[in-house]
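The values are calculated or read from the model by the stated rules, or taken from the named source; none is laboratory data. Keep in mind the model is a prediction, meaning the values are calculated, not measured. Note that each Cβ is placed from the backbone with ideal geometry, even for glycine, and that neighbours are counted across all protein chains shown. Each accessible area value is taken on the protein alone, full model and side chains, heavy atoms only, with ligands, DNA and RNA left out. Shrake-Rupley method; radii C 1.70, N 1.55, O 1.52, S 1.80 Å.
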Amino acid sequence: MIVASDRIVRAGLESIIRASPDLTVVNATANFDTLSVVIEDDCDVLLLGLDDDISQFLALNAIAEIPTVLLTDVLSDLSSDALRLGVRAILPRSATPEEIVATVTAVSTGLVVLHPETLDVLLSLLPASSRTSPTSPMQALTAREIEVLAMIAEGWSNKAIARHLHISEHTVKFHVSSIFTKLNVSSRTEAVTIGARQGLIML
């Protein structure tokens with residue numbers, strides 16, 4: 001279900017979602033005040049285009065049980081409350097159609113999606129045990145390392161990655177080792193988890 005008070009934004013979001021063969025728009029409305037009334041029984045995800053009117057955010061109290069994706073540029077003061085109210089992803093309004101579709105799909109499966117622009121705020125809400133120790137600051141991954149990490153997230157083996165990238169398996173192992181060191185992790189699963197939290201890859 002799509003909710004956005006701006007008619008152009010709402011139409012744009014409808015167009016983006018309808019263009020995906022895996023997604024269906026069950027309803028679209030401009031009215032935030034009656035969300036609890038108009039939500040469809042078969043609504044799996046709410047896609048909310050939140051403008052500068054922060055009062056719209058209060059409407060989320062009515063739909064806390066529905067996994068929600070927020071598109072907003074007024075994030076900093078909302079993140080903590082947003083996650084408590086059922087929001088599972090927060091994207092800037094400049095997000096690409098591909099990012100929006102991927103995010104809605106991910107949220108429908110129970111995942112939380114972190115965008116680079118919202119990472120710092122959202123990470124501050126994670127349990128301390130889930131964060132990297134401040135004594136071991138993360139180093140930035142190179143473009144190639146991010147590419148390798150994304151392939152690891154998709155379940156590719158080192159041999160498959162080497163063949164796809166036209167590099168040696170030894171080089172792939174070097175990249176994987178570097179990724180582990182920079183992200184301060186010891187397994188591929190941890191690397192994917194931290195990479196997603198940093199917004200380096202999208203699951």
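When the chain is fully extended, how far beyond the present Cα-Cα distance does ASP6 get from SER94, taking 0.36 nm per residue of separation?
Between ASP6 and SER94, full extension yields an extra 30.2 nm.
On the accessible surface of segment 138-203, probed at 1.4 Å, how many percent belong to carbon and sulfur atoms?
In segment 138-203, the share of accessible area belonging to carbon and sulfur is 54 percent.
First measure r as the distance between the Cβ atoms of SER20 and PHE180, then evaluate 1/(1 + (r/R0)^6) with R0 = 35 Å and state the FRET efficiency to the nearest 0.05.
Between SER20 and PHE180 the formula returns 0.55.
What do you get for GluC sites (Glu not before Pro) in segment 141-203 restricted to DSSP loop and a cutoff of at most 12 other Cβ within 10 Å of the site's Cβ?
GLU154
By how many nm would the segment from CYS43 to VAL112 grow when fully extended, if each residue of separation counts as 0.36 nm and the alpha-carbon distance is taken off?
Length gained, CYS43 through VAL112: 23.1 nm.
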